[in-house]
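Structure first, then comments.
All of the numbers you see were taken from the coordinates with simple rules; none came from a lab. What you see is a predicted model, and the numbers here were worked out from it, not measured in a lab. Using ideal geometry, Cβ is built from the backbone for each residue, glycine included, and neighbour counts are taken over all protein chains shown.
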Amino acid sequence: MFVRAITLRDFRSWDRMEITLDPGCTVFVGPNGHGKTNILEALAYVSTLSSHRVAGDGPLVRSGLAQATVSATVVNAGRELTVDVELNDGKANRARINTSPTRRPREILGILQTVMFAPEDLSLVRGDPGDRRRYLDELVTTRLPRMAAVRSDYDRVLRQRSALLKTAGAALRRGGNSAEGASALTTLDVWDGHLAAHGAELLCARLALVHVLAPHIADSYRSIAPESRPASVRYRSSLGEMLPPEFLDPARVPEPEDSAFVEEQFLRALAEARSKEIDRGVSLVGPHRDDLELVLGDTPAKGFASHGESWSFALSLRLGSFALLRTDGTDPVLMLDDVFAELDRRRRRALADVAADAEQVLVTAAVAGDIPAELRARRIGVLARDTDGGRVSGITDSPHEEVDDDGVGIDVGTGEA
Ligand SMILES: Nc1ncnc2c1ncn2[C@@H]1O[C@H](COP(=O)(O)OP(=O)(O)OP(=O)(O)O)[C@@H](O)[C@H]1O
């Protein structure tokens, strides 16, 4: 698939922007902080309804304004769809597909599939489990858009159950056998049932993903860092011993009846954890406490991998996603945000090989010289200017001017290389 056109209104540093894009490689070139990443972030938002840089939508709306819009026209196997997303500060966001309003923004998920590799991805290896859970869940949702509803139901039940754990704890501390305490426990039973039902579905979707994704990650790592120890991934579940170890083995083929079994085990784990959960007032068991373990040889990557190995692993996670989505039948749009400067020659080449073969690649760079020669296709210059309303990004006319590390302008030629 490829993005044929993108329009931004009041998104981050862009007030109005409209460009058409082609399949193949497009490089956005411009000085640091002038708005290149904001373009990729806008497309990633249409793809995942979230940003890779911030948790909430607030910072995505141009400072001082209440609404931003992003429109993308996506061509997939000859079929064209235009998606509009309206981000509203303090109000619900809205979306349209070919100008028809959707009931919920999440109905647009799956229309634009993207895989973005960005400097922030180092946190996939070095950061908290939450970063890796998000990596898995976004890929689960890209492949199975209906899982967005399961994720949202799970999060809602989790919030309500965690609030209930706090009130139940307080009621039980006031009088262990009181009617109030008994009622809190009965209500908790009901929420346990909901948590286990949605949680089992989410957990099984993640396990099924890891089963098909793990070989692609291992292959990608091998091609990027053939001299290094082999990379592998393994899911770690907070259900602990309730799940037989082979269940978490990436090689195990998932079965249709897994979900019912996991739900049963989930309920048992919740029963076992209940007094601890009430004491602490938090939900201790479920997919929100799980992790994707990244392993090099026999050693966990987190805390042990070198800087170069960590970059290779992060890149393999993204290239693994790209390869998997491709086997599903569609090339996702590959977005590479300012990453070539971070990579050594071999990793640059491995990434360039994948990118050169992708249907559409969108790249950002402060210095065009950082982009491998085979990817230097169309260049679009990005330059911000200071206005009374603050800094505003704009597309520059060709020939594009590039600013090197010392702030010196260098002519980098016209649009087509
Ligand atoms: N909500 C917002 N409103 C207005 N401007 C914003 C907003 N959010 C970010 N910006 C501005 O956007 C600019 C950063 O844009 P972006 O991250 O796209 O830069 P970049 O060109 O990719 O830089 P680099 O090469 O350093 O990655 C900054 O000037 C920042 O102040």
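Rounding to the nearest 10 and keeping the result within 0 to 90°, find how far the Cα-based axis of helix 258-280 lies from the longest principal axis of the chain.
Rounded to the nearest ten degrees, it is 70.
Between Ala251 and Glu80, how many nm apart are label points set 7 Å from Cα along the C-beta direction?
Result for the modelled spin labels: 4.9 nm.
Starting from the Cα-Cα distance between Ala92 and Arg159, subtract it from 0.36 nm times their residue separation and give me the gain in nm to one decimal.
Here the answer is 22.2 nm.
Starting from the Cα-Cα distance between Glu18 and Asp386, subtract it from 0.36 nm times their residue separation and give me the gain in nm to one decimal.
Gain in length upon complete extension: 130.5 nm.
Helix 179-224 against the longest principal axis of the chain: what's the angle in degrees, Cα atoms only, rounded to the nearest 10?
It works out to around 40 degrees.
Which distance in nm do the two modelled labels at Ala341 and Asp258 give, with both placed 7 Å along the Cα-to-Cβ direction?
It works out to 4.2 nm between the two label points.
Please state the equivalent ellipsoid semi-axes for region 122-329: what are the square roots of 5 times the Cα gyration tensor eigenvalues, largest first, in whole Å?
36, 18, 14
Net charge within 11 Å of Val140 by Cβ-Cβ distance, Lys/Arg positive one each and Asp/Glu negative one each, not counting Val140 itself?
Surrounding charge for Val140 is +3.
With a 10 Å radius around each residue's Cβ, average the other Cβ atoms per peptide and rank 312-325, 282-295, 339-352, highest first.
The most tightly packed comes first, giving 312-325, 282-295, 339-352.
Just add up the charged neighbours of Pro215: K/R +1, D/E -1, any other residue whose Cβ is under 15 Å from the Cβ of Pro215.
Counting the neighbours of Pro215, the net charge comes to +1.
Using Cα pairs under 8 angstrom and six or more residues apart, how large is the relative contact order of region 105-198, in percent?
26 percent
In nm, what is the difference between 0.36 nm times the number of residues separating Val212 and Ser178 and their Cα-Cα distance?
Roughly 7.2 nm would be gained on extension.
Taking 1 over the mean of 1/r across every pair of different Cα atoms in region 1-100, what Kirkwood radius in Å do you get?
14.0 Å
Pairing the Cα long axis of helix 307-327 with the longest principal axis of the chain, what angle in degrees results, from 0 to 90 and rounded to the nearest 10?
90 degrees
So if R0 is 35 Å, what FRET efficiency would Phe304 and Leu144 give, r being the distance between their Cβ atoms, rounded to the nearest 0.05?
0.60
Sorting check: for 147-159, 56-68, which peptide has the highest mean count of neighbouring beta carbons within 10 Å, and how do the rest follow?
Ranking, from highest mean packing down: 147-159, 56-68.
Which order do the peptides 22-29, 166-173 take when ranked by the mean count of other beta-carbon atoms within 10 Å per residue, highest first?
By packing density, highest mean first, the sequence is 22-29, 166-173.
Is the shape of region 229-281 rounded, prolate or oblate, going by the alpha carbon gyration tensor and its root eigenvalues a ≥ b ≥ c, with a/c under 1.5 for rounded and a/b larger than b/c for prolate?
Note, shape of region 229-281 comes out oblate.
D for the chain, whole µm²/s, Stokes-Einstein with Kirkwood Rh over alpha-carbon pairs at 20 °C and 1.002 mPa s: what number?
For the chosen part, D equals 93 µm²/s.
How high is the relative contact order of the chain, given as a whole-number percent (alpha carbon pairs under 8 Å, six or more residues apart)?
Reported relative contact order: 23 percent.
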